[in-house]
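Enquirer: Structure incoming, see below.
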Amino acid sequence: MKNYLAYSLKRLQLDYIDLYQPARIDLGIPVEETIGAISELVQAGYVKHIGVTQVDAETLRRAHATHPIRLVEAEYSLFNRSIEQDVLPTARELGIGVIAFGTVAHGLLAGHWTDERIQKSKGGYVPLFFEENIEKNVSLSKKLGEIAAKKQMTLSQLAFAWILSKGEDITPLIGTVSPAHLQEALQSLDFHLTEDDIREIEEAIPEHEIAGASFPMCNLETERLFADKECKQQIRTI
C-alpha cells in the first residue's frame, strides 16, 4: 500500500493526502486491521487524517480506538435519518465530524416531479423508487415543496438547509455536474431555519410514512451489482 501511495503522490506532485477514507469497510476483515494499515501511512507522513464511510456505531468506535478517526461519511436525508439513532451520537461522543451524502434522497428532494418523470423513474434497485413506493414518496416530497415555496426556497435548498441546521459538525456533500445546481445548493447557506421550521419540515415527511429504504436491498438481482458482504453492510446502515 505504501509503495502505491508514494507513486500516486509523486504523480500528483503532492507530499501527503489530507484524508484517507475507504469507501466501504470490508466486513470480512477486522476493522482494526484496515485502520491499522492506514495508521502506518499516517506515521510515515503520507496521510494526515483517517476517515470511514457507511459504518455502524460499533465499527466506528472500534476504528477510533485503533487510530483517531477524523470524519465518518454516511447517508443522511429527510428520507433516511437512521444515523440519528446511533452513529451520530457516537460520532459526537468521540469528537468525529460527519460528512452527509444523499441529502436530496436520490433526487426525491430535487423537485420537478411530473407524472411522466414518476413513470420513468419507477423500478431500479433503490426501494424508494419501486413501483409500489415511488408515488407515495413523491407525494411526501411535494408536501415539503409547499413549505419551501412559502419560504421562497427551492426544495433542494430546503433539504440542504435542514441538514445544516442539524449541527456545525455535519457537512453535506453536493453531488452535481451542473454549476447552476451547485450555486443553488450553496445558497442554502443563506437560510436560517428556526426550531419551528425544523419541526414543520420533519412532520411533512414522517419517518413511518416513508415507503421503502434508500439503499439497494440484497436479492438475486443485486447480487450481480454488489458483493454479498457490501450488500450486508448497506443493510446494516439503513
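Enquirer: Listed highest first by mean packing, meaning other Cβ atoms within 10 Å per residue, what order do 206-214, 5-13 come in?
Expert: Output ranking for 206-214, 5-13: 206-214, 5-13.
Enquirer: What angle, in degrees between 0 and 90 and rounded to the nearest 10, separates the Cα long axis of helix 155-165 from the longest principal axis of the Cα atoms of the chain?
Expert: Once rounded, one gets 50 degrees.
Enquirer: Rounded to the nearest whole Å², what accessible area per residue is found for the chain with the 1.4 Å probe?
Expert: Here the per-residue accessible area is 55 Å².
Enquirer: A further question on this structure: Pairs of Cα atoms under 8 Å, at least six residues apart: use those to get the relative contact order of the chain, whole percent.
Expert: Answer for the chain is 19 percent.
Enquirer: Using θ = phi - 60° and the Karplus curve 6.51 cos²θ - 1.76 cosθ + 1.60, what whole-Hz ³J(HN,Hα) does each residue of region 80-86 get, with Gly and Pro shown as x?
Expert: Coupling constants for region 80-86: 7, 10, 4, 5, 5, 6, 10 Hz.
Enquirer: In addition: Dipole of the chain, Cα-centred, from +1 at each Lys and Arg C-beta and -1 at each Asp and Glu C-beta, to the nearest 20 debye?
Expert: 680
Enquirer: Please compute the length gained on full extension between ASP86 and GLN152, using 0.36 nm multiplied by the number of residues separating them and subtracting their Cα-Cα distance.
Expert: 20.4 nm
Enquirer: Right, here's the next one. Ignoring ligands, DNA and RNA, what percent of the accessible area of region 134-217 is carbon or sulfur (1.4 Å)?
Expert: Percent of accessible area from carbon and sulfur atoms in region 134-217: 52.
Enquirer: Quick one: dipole size for region 58-104, taken about the Cα centre, charges +1 on Lys/Arg Cβ and -1 on Asp/Glu Cβ, in debye to the nearest 20.
Expert: 140
Enquirer: Could I ask something else about it? Nearest 5 percent is fine: what portion of the DSSP beta bridges confined to the chain is antiparallel?
Expert: The answer is about 5 percent antiparallel.
Enquirer: With a 1.4 Å probe and every protein chain kept in, tell me what percent of the accessible surface of region 29-83 is carbon plus sulfur.
Expert: Percent of accessible area from carbon and sulfur atoms in region 29-83: 50.
Enquirer: Collect residues whose amide H, placed 1.01 Å from N in the peptide plane, falls under 5 Å from the amide H of GLU73; neighbours closer than 5 in sequence don't count.
Expert: Excluding prolines and chain starts, which carry no amide H, the hits are VAL52, THR53, GLN54, ILE99.
Enquirer: Ranked highest first by the average count of other Cβ atoms within 10 Å around their residues, in what order do 129-136, 179-186 fall?
Expert: Packing proxy ranking, top to bottom: 129-136, 179-186.
Enquirer: Given Cβ point charges of +1 (Lys, Arg) and -1 (Asp, Glu) and nothing else, what value in debye, to the nearest 20, does the dipole of region 16-107 about its Cα centre take?
Expert: It comes to approximately 220 debye.
Enquirer: Shifting gears a bit: For a test of understanding, tell me how many lysine pairs in region 1-145 have Cα atoms under 22 Å apart, given they are 8 or more places apart or on different chains.
Expert: 9
Enquirer: State the answer as a single residue: which of GLY102, ASN133, LEU144 lies farthest towards the positive end of the charge dipole of region 83-162, with beta carbon charges of +1 for Lys and Arg and -1 for Asp and Glu, about the Cα centre.
Expert: Going by the charge dipole, the pick is LEU144.
The values are calculated or read from the model by the stated rules, or taken from the named source; none is laboratory data. Remember, predicted model here, so these are calculated numbers, not experimental data. With ideal geometry, Cβ positions are generated from the backbone for all residues, glycine too; neighbour counts draw on all protein chains shown. SASA here: full protein model, heavy atoms, side chains in, ligands and nucleic acids out. Shrake-Rupley method; radii C 1.70, N 1.55, O 1.52, S 1.80 Å.
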